[in-house]
1. Expressed as an acute angle from 0 to 90° and rounded to the nearest 10, what is the orientation of the C-alpha long axis of helix 65-90 relative to the principal long axis of the chain?
2. For the Cα atoms of the chain, what angle does the longest principal axis make with the long axis of helix 45-62, in degrees from 0 to 90, nearest 10?
3. Quick one: which of K36/K75; K13/K72; K9/K81; K41/K67 span more than 31 angstrom between C-alpha atoms?
4. Determine, for L61, L82, the number of other Cβ atoms within 10 Å of each Cβ, and report the residues in order from fewest to most.
5. Tilt of helix 3-14 relative to the longest C-alpha principal axis of the chain, in degrees (0 to 90, nearest 10)?
6. For the chain, restrict the atom set to alpha-carbon positions and state the Rg and Dmax in Å.
Amino acid sequence: MDKWDIYQKAIEKWGAESQFGMAQEEAAELIRAISKVLRGKESNIEEEIADVEIMLEQLRLMLDEVKIEKEKQRKLNRLEKLVIGSESCENAPS
């Protein structure tokens, strides 16, 4: 069974509402792990990233993946412009 089959079974077993709640919990745990890293404390950030990625993939199954990809590309394009803009400022003659 591949991961997408596992995700679909989880959604069927616990329901979409439960999986949305789980995604919310996992995102909160990642936020706490990031806060620990920023304070120089030990963190299980890798574990929390894995948990969030698993839940995000389940959300993709429950939502409109085409719309998600469209938004992702739009935001990547915006990030690219910001990065290129900052590079041109850094390389500009003084």
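1. In the chain, helix 65-90 runs at an angle near 20 degrees to the longest axis.
2. 70 degrees
3. Going by Cα-Cα distance, K9/K81; K41/K67 fall outside the 31 Å limit.
4. Values: L61 14, L82 10.
Ordered by Cβ neighbours within 10 Å, fewest first: L82, L61.
5. Once rounded, one gets 60 degrees.
6. Answer for the chain, Rg first and Dmax second: 18.1, 62 Å.
Taken together, the values in this text are just the output of simple stated rules run on the coordinates, not laboratory data. Everything numeric here is computed off the predicted structure, so don't read it as measured data. No Cβ is skipped: glycine too gets one built from the backbone with ideal geometry, and neighbour counts run over all protein chains shown.
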